[in-house]
Amino acid sequence: MDYGKLDAPLASAVEAAARAPESRSLLVVLRLTGTPSDREVARLREAGLEAPPPAATVLTGVLSPREVDELSEEPFVMSLSLSSSRRPLSDG
C-alpha cells in the first residue's frame, strides 16, 4: 500500500478494517492525475467503481481495504481520502 497517497483518516480506517479486507465499508474520494484512459476506466470498474463521466478526475465510491491498497499502487491515482458523512443542515 502506498500510504503517501492516503490521508490520515483513511489510513486509520484501513488499519481498523484489516480484519475484513474484502468488506466494502470505506467511503472514499479518489483524485486522479488526469482524465482516465480506457485501461484506467477498466481498472476502476474492476475495483467496483462506476465509470467516471468524461474528463472527471475526482470520483467517490465504497471500497474494501484490499481495493484501497490496490488502487493506491496505481500510478494514475493521485490520492485517496476518507469521505466524511454529510448531514442536512438544520432549520434553526
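The values are calculated or read from the model by the stated rules, or taken from the named source; none is laboratory data. Source: prediction; values computed, not measured. Don't worry about glycine lacking a Cβ; one is built from the backbone with ideal geometry, like all the others, and counts go over all protein chains shown.
The residue list Ser23, Ser12 contains one member that is out of contact with any strand residue (DSSP E or B) (no Cβ under 6 Å at 6 or more places or on another chain), assigned to a helix (DSSP H, G or I) and either modelled with pLDDT of 95 or more or of a type in the set (Ser, Thr, Tyr) (or both), which is Ser12. Of all residues in region 39-59, those that are without any contact (Cβ under 8 Å) to a residue 60 or more places away in the chain have Cβ atoms under 6 Å from Cβ atoms of residues that are among the acidic types (Asp, Glu) and not in a loop (DSSP other than H, G, I, E, B), 6 or more apart or on another chain, in Ala47/Glu67.
Residues being without any contact (Cβ under 8 Å) to a residue 40 or more places away in the chain, exposed (fewer than 11 other Cβ atoms within 10 Å of the Cβ) and on the phi < 0 side of the Ramachandran plot are entirely absent from region 66-81.
Pull up region 34-65, narrow it to residues that are modelled with pLDDT of 90 or more, crowded, with 16+ Cβ neighbours inside 10 Å and not hydrophobic (A, V, I, L, M, F, W, C), then point me to the one that is nearest to Ala8 (Cα to Cα). Ranking the candidates gives Pro65 first.
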